[in-house]
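The values are calculated or read from the model by the stated rules, or taken from the named source; none is laboratory data. In this text the structure is predicted, and so the values were computed from the model without any measurement. In this analysis, Cβ positions are derived from the backbone assuming ideal geometry, glycine residues included, and neighbour counts consider all displayed protein chains.
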């Protein structure tokens, strides 16, 4: 009896997941200033971008993609970069997600913060570090790897350059490829954050914005 209940529950979960997975008939696109498009409304180029999204590792259309559909050739190249930075990044997962939430904090991108705060916590970023970034404070007690990434990204945003000491510390922890992946990750999520901010993209499930306006997002 117990096995039967477990099987029924598993089937229910699988069924719910299947129902929520986007399809060309139900893309689940959302937006504010940019009207959500249906597949039938799209140009061939827009359909190509959507087909690639649905077939790719992301297997979804959430976030900035309703906006980026307005320039589908750029959007399609962008989603490929985004998949590379998210799923095939040389950075450890906790560092990657910290770079993303730092980028979201810089742009006060509420949707991106909402999504990647959860992912950051899931891959082991401490709640205290997440809270400090949200508040515009320097996190205490960072390990050397996290501190190297934090210093690199925040210095690059604040000063538009990186000192020799900050560069060398990042190179020692992540190598030259890791430095480029930090640049690529923050660069892709710059595009994402700006697209979502311009759209005034709604938060899911009635969630409330967490980020407050700050004169200096990074101390």
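A few notes on this one:
- The stretch 42-70: number of residues that are in contact with a helix residue (DSSP H, G or I) (Cβ under 7 Å, 6 or more places away or on another chain) and in a helix (DSSP H, G or I): 11
Residue-by-condition table, conditions (1) over 17 Å from the mean Cα position of the chain (by Cα); (2) farther than 30 Å from residue 175 by Cβ:
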residue: 28; (1), (2): yes, yes
residue: 38; (1), (2): yes, yes
residue: 45; (1), (2): yes, yes
residue: 53; (1), (2): no, yes
residue: 77; (1), (2): no, no
residue: 81; (1), (2): no, no
residue: 101; (1), (2): no, no
residue: 114; (1), (2): no, yes
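- For the stretch 57-71, the criterion of being within 21 Å of residue 193 (Cα to Cα), outside the structural domain of residue 187 (by TED's automatic domain parsing) and more than 19 Å from the chain's Cα centre (by Cα) is met by at least one residue.
- The residues of the stretch 202-219 that are in a helix (DSSP H, G or I) and free of Cβ contacts under 8 Å to residues at least 12 places away in the same chain, listed by number, are 205, 206.
- The condition (being outside the structural domain of residue 63 (by TED's automatic domain parsing) and surrounded by fewer than 16 Cβ atoms within 10 Å (Cβ to Cβ)) is satisfied by just one residue among 181, 143: 143.
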